[in-house]
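First the structure, in the form of structure tokens, and then the observations on it.
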Amino acid sequence: MSIKAAEWYVRNKSKIMLAIFFFAVILIISIIVGILGRINSEEQANTTYGNIEVEPGPVANFTDIYVEGGESVVTGEDITSSQVTMLGYVNQFVDLCNEQKIEEAYNLLSEECKEEVYPSLDSFRNNYYNAIFNGQKRNISVESWAGNIYKVKFEMDALSTGVYTEENTVQDYIAVVKNENDEAKLNVNGYIGRNEVNKTQSSSNVTITALRSDSFMDYETYTYSVTNNTNKTILLDDKEDTANMYLEDENGNTYTAYIHELSDAELMITPGETKEITIKYYNKYGTTKNIKNIVFNKIILNYNTNEVRQTARIQIGL
């Protein structure tokens, strides 16, 4: 080393050491970032929803999805890996709609949902697909509601449209259920599911069988078979008092019928006739609510006569 070089080194020794230190730090950071990148790539094989990480569910290519929080909005319980897996079917449904494979999406619905909400492919296309997608792609964000019921927000793909507003967001409640073959199916448009009831009660030669109930987020319907074994036409309710047809829970709370949606013709049963009728009730879906009784408080036994009205009361215990 020349004298001049040695003198330069002595004068700049601190600067040289500082430069070496910063170079070492940058090198170490680069190595750490590379290691973390490899770890992250390996973890991409798993799908993360909220705070839960599981293997991908029944479909490989997920729609862009965001799960809000890691617990049920209703019960406060943590989302289970099983519930997260069920979200795979929601993604599959949305993917098919995004790809405009409407018939395949329709085939993912449960038979009960088809029967109660969308009895034909055209009704599904016109009233669900067109209302939410209508040829456009949607991303979804999800909240676990209760069990395998999910609150789903359909959001316009801002990357493709360049615009995001609240007006472009549509909300639905989707339930994942299993059919008799243990296949996962979907209930959409706020339809929760069906319960077979098959409970019967009789009075004054009138027999009412509660066949089944269908739960929706905002109401509940019961389907009945009513047999009139009298020799006169009967009327299940004269609709003069909204409190005469109702459901009653275990705490004595009552949920009245949508009597304004029922005509006299629907409520009328002729002598010897057996008739099926579906009645809607103001009963929002709740996981802790337990309906114990169905009450018909004022059945008119001699409808369309000039006689003094005779009435009967039937209460069906569940």
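Worth pointing out:
- Of all residues making up the range 250-282, the number that are closer than 18 Å to residue 211 by Cα and surrounded by 12 or more Cβ atoms within 10 Å (Cβ to Cβ): 12
- Residues within the range 290-318 that are within 42 Å of the chain's Cα centre (by Cα) and without any contact (Cβ under 8 Å) to a residue 24 or more places away in the chain, tallied: 1
- Subset of the range 197-232 (residues that are open to solvent by 60 Å² or more (accessible area, probe 1.4 Å) and farther than 18 Å from residue 311 by Cβ): 198, 199, 200, 218
- The number of residues in the range 301-318 being part of a loop (DSSP other than H, G, I, E, B) and surrounded by 18 or more Cβ atoms within 10 Å (Cβ to Cβ) comes to 2.
- Restricting the range 231-250 to residues that are of a type in the set (Ser, Thr, Tyr) and modelled with pLDDT of 95 or more, the residue that is farthest from the chain's Cα centre (by Cα): 233
- Selection status of residue 173, surrounded by 13 or more Cβ atoms within 10 Å (Cβ to Cβ) and modelled with pLDDT of 90 or more: yes
Let's see how each residue does on (1) of a type in the set (A, V, I, L, M, F, W, C); (2) touching a Leu at 6+ places or on another chain (Cβ under 7 Å); (3) in a strand (DSSP E or B):
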site: 238; (1), (2), (3): no, no, no
site: 266; (1), (2), (3): no, no, no
site: 278; (1), (2), (3): no, no, yes
site: 283; (1), (2), (3): no, yes, no
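- Among the numbered conditions (1) open to solvent by less than 70 Å² (accessible area, probe 1.4 Å); (2) among the basic types (Lys, Arg); (3) closer than 27 Å to residue 193 by Cβ, the only one that residue 298 does not meet is (3).
- One residue from 242, 288 being in a loop (DSSP other than H, G, I, E, B), open to solvent by 80 Å² or more (accessible area, probe 1.4 Å) and more than 17 Å from residue 213 (Cα to Cα): 242
The values are calculated or read from the model by the stated rules, or taken from the named source; none is laboratory data. Predicted model, so just to flag it, every value in this text is computed and none were measured. Here Cβ is always computed from backbone atoms with ideal geometry, including for glycine, and neighbour counts include all displayed protein chains. Heavy atoms of the whole protein, side chains included, go into the accessibility calculation; ligands, DNA and RNA do not. Shrake-Rupley method; radii C 1.70, N 1.55, O 1.52, S 1.80 Å.
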